[in-house]
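To start, the structure under review is shown below, and the notes come after it.
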Amino acid sequence: MNPDDLSVPVTDDDVASSTPPVSDVSSSTPADDDGVPIVQQDSAEPPVVQSAPVPVFVSAAPPVFDPHSADEIGFLRTVLGPRAWAAHRARTQAKLDRIMVLAHEKGQIDRKDVRNLLNCSKPACTRHLTALVRQGKLTRYKVLDDMVYRVTG
């Protein structure tokens, strides 16, 4: 195939319509050495630049995890189901009962005693003791740098 067969004749009208019109630059407009007109701005009013709004991101503190909050308990009930939730509560209550027996025997206990009794982590011991304080079975006292729990009543 010959490349000349694919060419389309171009007329002067086609060229004139495809080029933008050139505006006349009057002689009163100053120009630089190359003949490009210099546009002067009024120094009293600076040009206004419009920009898109910038999104503002506010960092929120992560929520504090409270294992005994109503939302967390409702979530566990939903995930575990009624039978599993009841079994979980029964195991937890059995641990709390063992802690109370130890507290009655010794008169006062601390987190180390609970840790040795249940063989659990420090945060778990604190949660169990806090649950007993909330139930009103233990009272929390500060002795030097440690917290001591005594049987209420």
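Readers should treat all values here as calculations from the given coordinates under stated rules, not as data from a laboratory. All values reported here derive from a predicted model rather than from experimental measurement. Methodologically, a virtual Cβ is constructed for each residue, glycine included, from the backbone with ideal geometry; neighbour enumeration extends over all protein chains shown.
The set of residues in the range 114-153 that are free of Cβ contacts under 8 Å to residues at least 40 places away in the same chain, charged (D, E, K, R) and assigned to a helix (DSSP H, G or I) comprises 115, 122. Would you call residue 104 surrounded by fewer than 14 Cβ atoms within 10 Å (Cβ to Cβ), in contact (Cβ under 8 Å) with a residue 40 or more places away in the chain and out of contact with any Gly (no Cβ under 9 Å at 6 or more places or on another chain)? Answer is yes for this residue. Scanning the range 101-113 for residues that are over 20 Å from residue 123 (Cβ atoms) and either among the aliphatic types (A, V, I, L, M) or in a strand (DSSP E or B) (or both) yields 101, 108.
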